[in-house]
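A short worksheet on the structure shown next.
The values are calculated or read from the model by the stated rules, or taken from the named source; none is laboratory data. A quick note: this is a predicted structure, and the numbers were derived from the prediction, not measured. Positions of Cβ are generated from backbone atoms using ideal geometry, with glycine treated the same way; all protein chains shown enter the neighbour counts. Heads up: the accessible areas ignore ligands, DNA and RNA and are worked out on the full protein's heavy atoms, side chains in. Shrake-Rupley method; radii C 1.70, N 1.55, O 1.52, S 1.80 Å.
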Amino acid sequence: MLHIQHVSGGYAGNSIVKDISFEVRKGEMLGILGPNGSGKTTLLKMISGILPVSKGTISIDGTKLPNYSPKELAKLIAVLPQHAADPFSYTVKETVSLGRYAHQKGWFHSWSTKDEETVLRVMEQTGTLSLQHRNIQDLSGGERQRVYLAQALAQEPRILLLDEPTNHLDLSYQKELFDLLKKWSKECELMVVSIFHDLNLAGLYCDRLLLLQEGKIVIEDTPNEVLKQERIQNVYHTKIAKQPHPKVPVPQMVLLPEWENDQSEEVYQIDPSVIHASSERIVVKTEQPLKTMSSGVIGSGTGWYQNFVNRHVDKSYNFSDHKQEMADYLKRNGFIPGETVGMMTAVKLEDVTYKLYVDGHVSIFVVVTAGVGNAIDASVIDREVYDYTPGTINTWIFVNGELSEEAFIQSIMTATEVKVKVLQNEEVLDLNTGTLATGTSTDSILIAATQKGTSIEYAGSFTQLGRLISKGVFECTTEAIRKSRMRKEGMSSSV
Amino acid sequence: MGASFLLLAIVLGISLGTVKVPILSTIQILLAQLFPFVSLDGIDQMHVNIVSNIRLPRVILAGLVGAALAIAGAAFQGLLRNPLADPYTLGVSSGASVGAVVTLFFQLSLPVIGAFTLPVLSILFSFLTIFLVIGFAQKIERSMRVETIILTGIIFSSFLGALISLMIALTGEELRQIIGWLLGSVSMRGWVYIKIILPFFLIGSAILIFNGKELNAMSFGEERAHHLGVNVQRRKHIILMAGSMLTGSAVAVSGTIGFVGLVIPHLARMLWGPDHKHLLPLSVLTGSAFLILADLVSRTIIAPIELPIGVITALIGAPVFAVILLKTRAERSG
């Protein structure tokens, strides 16, 4: 176990690290974070014995650091340097073999079979075996980094210290390096202490994080506790936002650039001029990307989009890979799928209803296409499996304002509640069950916000935005259903 | 390869000169020196005298000086991680020169050692210089980084060079003698000088060769060496001392001979790689062969006039070094 107790120290009497205490247990990965000049490297150099400790003690398994000889220490602690000087053209194998220095005994440092085996094993583990006869000066930054990792591992250390090890590595090597370190830390009970610049990488791989500011510990805890938006903003003096990792339960921090908040520009407003409707498709094109939450065919989920397409398809539309077909359709018609939310409907697009609703600083633009041929009562679950036919009530709500995550979700709730009410008012029935329908089997919804101007925390039915949505969705959906029904009646009466 | 190069150089160095001794006779005389049972029948007695009393000690001395300068250079380059470093960078050879020039200038002759005054003072001054350089560097910075040592060495070198110039300016008739000595020579030194340099050479070389692994580690940087388990402070001192001993003794017996300590380790590294376990012994072999041949050229090229050997090594060494430098630069930028 590595114990750091009340340690202070630095260069030439100038204390950079001040009264730091923590410990690292077997098999644990500890990340050291902090802005430039916070004492991360100084702390690491004191642990590796390069810099003397002016106050406090560092001990490994109860023995203080100065009581180990350099060779004994090298068998316990290995360091992966940030950048090593290599002025001479050693081969990769010669370089890795130097890692065995501390293990060799006697005047002639004879090379044992164990030395040879260890060197071959660590080269295998780090993927440098195939480079073994290459000249270290001819390698790329990433390859060189792996050679020095192999050299450090050849020391067979119990503690591995790393100083921003991903500096010269591209994305795949960063992941590879830390996947390996994580594995070894568990399998070989290796203690890993690493300095990170990348908070997200640190949060992803470390068991615990140590946040330094001006040489002192701000907090030492699990990534979820350390990586709090406000704390990181204060320590790094920079604007960031926190969001969950899509796959792993760890926080991720993202930078907020200055232009994001540039209010000097005129605030962009969505109004009815953005819509272009034809019988083939309804298109909303905005000048700036909108933060969007939707259940479309393309661009569903959360994202930033600039084009919104509601495409008319025939009732008989049936493609096994409808997502791919839709992407191809968008490309054919000059839309970039990555910037577009795409939906489908069999409804006649001439019946589209849209309107701008304004209440003070908040305004929304609602676009609805509706047909109730597939209407169902969602509360009745005991029914035969329904064939997929393209969506029939597609509701789009564009908001001029900055929405919180809650506001997005509440907007969807409010819009859905209103839609159900409209179907009841219009006495739309589920033809299978004979009960009042709550929607159709393939309804889609989209909430898109400019994320500029008025900040909107909530969108429940009682809030300003909620009431606008209620009004807008109620009016537009009612009108769209009536238009569609009238067309059907007109068609049947003309037959 | 290094060894056969040296043997060839020795034989050529002994056989050629103002009086040419046939190669086969040379080999026979040499064998007779080593093994008393080899007969010298049919060989000119003058040839035997030339070989064993004049040429052989001269060649051996040139070989030892070349070897000492080359291995010291290789060690300094590895330790200082600077391929341009050599015994001169640290001010060691300047220190030794000052010792020698002081002897010549003041016409010193210490009691008991008499004729040995010059070599003894040279070695003493080289030690004194390295202690001063290390002490000064330590005053500047406790951890004594390599950069600090090199800078200190250069400062000392300039200062000592100025001292030598001062003494030359003040001197009258000894001027030629001092300049001749400064340019370096291995002629007319005899077996006595071999006895002076040999023990220092053996001890110094042995120390360096035993520190080959540490030099390998140190050439990756002092921090890296520390991480790998090398006792950096102690090893650095030992290597600096051994290198100074070799340089000082070489300067003492032959004057300042430049470029051997710079070019030979380079050449050896290019041919056999940078591993000091091989590099140091190979520098010994190549360095001695190089200086034997340089000496051969210096006394035969415009015979009967003898050129100072330092002129030859500089004339060969500087262009060779320039080419190496250009090549490595081209490789790096390419």
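So which residues in region A:88-107 are facing chain B (nearest Cβ under 7 Å) and hydrophobic (A, V, I, L, M, F, W, C)?
A:Phe88, A:Leu98, A:Ala102, A:Trp107
Evaluate the following for B:Ile23: is it surrounded by 13 or more Cβ atoms within 10 Å (Cβ to Cβ) and either among the acidic types (Asp, Glu) or free of Cβ contacts under 8 Å to residues at least 40 places away in the same chain (or both)?
It is true that B:Ile23 is surrounded by 13 or more Cβ atoms within 10 Å (Cβ to Cβ) and either among the acidic types (Asp, Glu) or free of Cβ contacts under 8 Å to residues at least 40 places away in the same chain (or both).
For the subset of region A:88-132 comprising residues that are open to solvent by less than 40 Å² (accessible area, probe 1.4 Å) and of a type in the set (Phe, Trp, Tyr), which member is nearest to B:Phe210 (Cα to Cα)?
The extreme case among them is A:Tyr101.
Kindly list the number of the only condition in (1) within 22 Å of B:Val297 (Cβ to Cβ); (2) open to solvent by less than 30 Å² (accessible area, probe 1.4 Å) that fails for B:Ile60.
For B:Ile60, the exception is condition (2).
Results for (1) more than 14 Å from chain A (Cβ to nearest Cβ); (2) touching a helix residue (DSSP H, G or I) at 6+ places or on another chain (Cβ under 7 Å); (3) not polar (S, T, N, Q), shown as yes or no for each residue.
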| site | (1), (2), (3) |
| --- | --- |
| B:Asn211 | no, yes, no |
| B:Ala217 | no, yes, yes |
| B:Val232 | no, yes, yes |
| B:Pro274 | no, no, yes |
| B:Ser283 | no, yes, no |
| B:Thr286 | yes, yes, no |
| B:Ile292 | yes, yes, yes |
| B:Ala318 | yes, no, yes |
| B:Lys327 | no, no, yes |
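Of the residues that make up region A:436-446, is at least one in a helix (DSSP H, G or I) and touching an Asp or Glu at 6+ places or on another chain (Cβ under 9 Å)?
No, region A:436-446 has no match at all.
Among the residues of region A:170-213, which ones are in a loop (DSSP other than H, G, I, E, B), over 22 Å from the mean Cα position of the chain (by Cα) and at pLDDT 90 or above?
As a first pass, look at region A:170-213 and keep what is in a loop (DSSP other than H, G, I, E, B): A:170, A:188-190, A:196-198, A:206-207.
If we keep only those that are over 22 Å from the mean Cα position of the chain (by Cα) too, we end up with A:188-190.
Of everything in region A:170-213, just one residue is in a loop (DSSP other than H, G, I, E, B), over 22 Å from the mean Cα position of the chain (by Cα) and at pLDDT 90 or above, namely A:Leu190.
Residue-by-condition table, conditions (1) over 25 Å from A:Lys182 (Cβ atoms); (2) at pLDDT 90 or above; (3) within 38 Å of the chain's Cα centre (by Cα):
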site	(1), (2), (3)
A:Ala12	yes, no, no
A:Ser21	yes, yes, yes
A:Pro35	yes, yes, yes
A:Thr42	yes, yes, yes
A:Ile50	yes, no, yes
A:Ser54	yes, no, no
A:Leu65	yes, no, no
A:His83	no, no, yes
A:His109	yes, no, no
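Considering region A:277-290 alone, what residues qualify as being touching a helix residue (DSSP H, G or I) at 6+ places or on another chain (Cβ under 8 Å) and surrounded by fewer than 21 Cβ atoms within 10 Å (Cβ to Cβ)? Outline the logic, then answer.
Within region A:277-290, the subset touching a helix residue (DSSP H, G or I) at 6+ places or on another chain (Cβ under 8 Å) is A:277-282, A:284-286, A:289.
The answer is A:Ala277, A:Ser278, A:Ser279, A:Glu280, A:Lys285, A:Thr286, A:Pro289.
Considering only region A:270-314, give the strands (runs of 3 or more DSSP E) lying wholly within it that have at least 3 residues that are in contact with an Asp or Glu (Cβ under 7 Å, 6 or more places away or on another chain).
So the answer is A:301-312.
Could you run through region A:325-364 and say how many residues are over 21 Å from A:Asp271 (Cα atoms), open to solvent by 20 Å² or more (accessible area, probe 1.4 Å) and touching a residue at least 60 places away in the same chain (Cβ under 8 Å)?
1
Tell me which residues, restricted to region A:214-228, are surrounded by fewer than 21 Cβ atoms within 10 Å (Cβ to Cβ) and in a helix (DSSP H, G or I).
A:Asn224, A:Glu225, listed by residue number.
What is the residue count in region B:267-279 for residues that are out of contact with any strand residue (DSSP E or B) (no Cβ under 8 Å at 6 or more places or on another chain) and surrounded by fewer than 24 Cβ atoms within 10 Å (Cβ to Cβ)? It would help to see each step written out before you state the result.
Taking region B:267-279 and keeping what is out of contact with any strand residue (DSSP E or B) (no Cβ under 8 Å at 6 or more places or on another chain), we get B:267-272, B:274-279.
Checking the rest, the ones that are also surrounded by fewer than 24 Cβ atoms within 10 Å (Cβ to Cβ) come to B:267, B:269-272, B:275, B:277-278.
Total satisfying the criteria: 8.
If the Cβ limit is 9 Å and pairs must be 6+ apart or interchain, which residue in region B:310-321 that is without any contact (Cβ under 8 Å) to a residue 24 or more places away in the chain and farther than 17 Å from B:His266 by Cβ pairs with which residue that is in a helix (DSSP H, G or I) and open to solvent by less than 10 Å² (accessible area, probe 1.4 Å)?
Close Cβ pairs (under 9 Å, with a partner that is in a helix (DSSP H, G or I) and open to solvent by less than 10 Å² (accessible area, probe 1.4 Å)) amount to B:Ile312/B:Ala294; B:Ile312/B:Asp295; B:Ile312/B:Ser298.
So if I check each of B:Ala72, B:Ala32, which one is part of a helix (DSSP H, G or I) and either among the acidic types (Asp, Glu) or within 26 Å of B:Ile203 (Cα to Cα) (or both)?
Result: B:Ala72 is the single residue among B:Ala72, B:Ala32 that is part of a helix (DSSP H, G or I) and either among the acidic types (Asp, Glu) or within 26 Å of B:Ile203 (Cα to Cα) (or both).
If I ask for residues that are open to solvent by 10 Å² or more (accessible area, probe 1.4 Å) and in contact (Cβ under 8 Å) with a residue 40 or more places away in the chain, which ones from region B:234-262 would you list?
The first filter runs over region B:234-262 and keeps only residues open to solvent by 10 Å² or more (accessible area, probe 1.4 Å), leaving B:234-235, B:237-238, B:241, B:245, B:256, B:258-259, B:262.
If the condition is that a residue be open to solvent by 10 Å² or more (accessible area, probe 1.4 Å) and in contact (Cβ under 8 Å) with a residue 40 or more places away in the chain, then B:His237, B:Met241, B:Met245, B:Thr256, B:Gly258, B:Phe259, B:Leu262 are the ones that fit.
Please work out if B:Gly17 is open to solvent by less than 20 Å² (accessible area, probe 1.4 Å) and of a type outside the set (A, V, I, L, M).
Yes; evaluated as a whole, the condition is true for this residue.
Determine which member of the set B:Ala115, B:Ala96, B:Ala67 is aliphatic (A, V, I, L, M), modelled with pLDDT of 80 or more and more than 24 Å from B:Leu16 (Cα to Cα). Steps first, answer last, please.
On the way: B:Ala115 fails: modelled with pLDDT of 80 or more; B:Ala67 fails: more than 24 Å from B:Leu16 (Cα to Cα).
Every option except B:Ala96 fails the conditions.
For residues that are touching a residue at least 40 places away in the same chain (Cβ under 8 Å), open to solvent by 40 Å² or more (accessible area, probe 1.4 Å) and more than 9 Å from chain B (Cβ to nearest Cβ), tally how many sit in region A:63-87.
Summing the residues that are touching a residue at least 40 places away in the same chain (Cβ under 8 Å), open to solvent by 40 Å² or more (accessible area, probe 1.4 Å) and more than 9 Å from chain B (Cβ to nearest Cβ) in region A:63-87 gives 2.
Any idea how many residues of region A:133-168 are of a type in the set (S, T, N, Q), within 14 Å of chain B (Cβ to nearest Cβ) and buried (at least 17 other Cβ atoms within 10 Å of the Cβ)?
Total meeting the criteria: 4.
Which of the following residues is over 18 Å from A:Thr292 (Cβ atoms) and open to solvent by 50 Å² or more (accessible area, probe 1.4 Å): A:Met413, A:Met486?
After ruling out the rest, the residue left standing is A:Met486.
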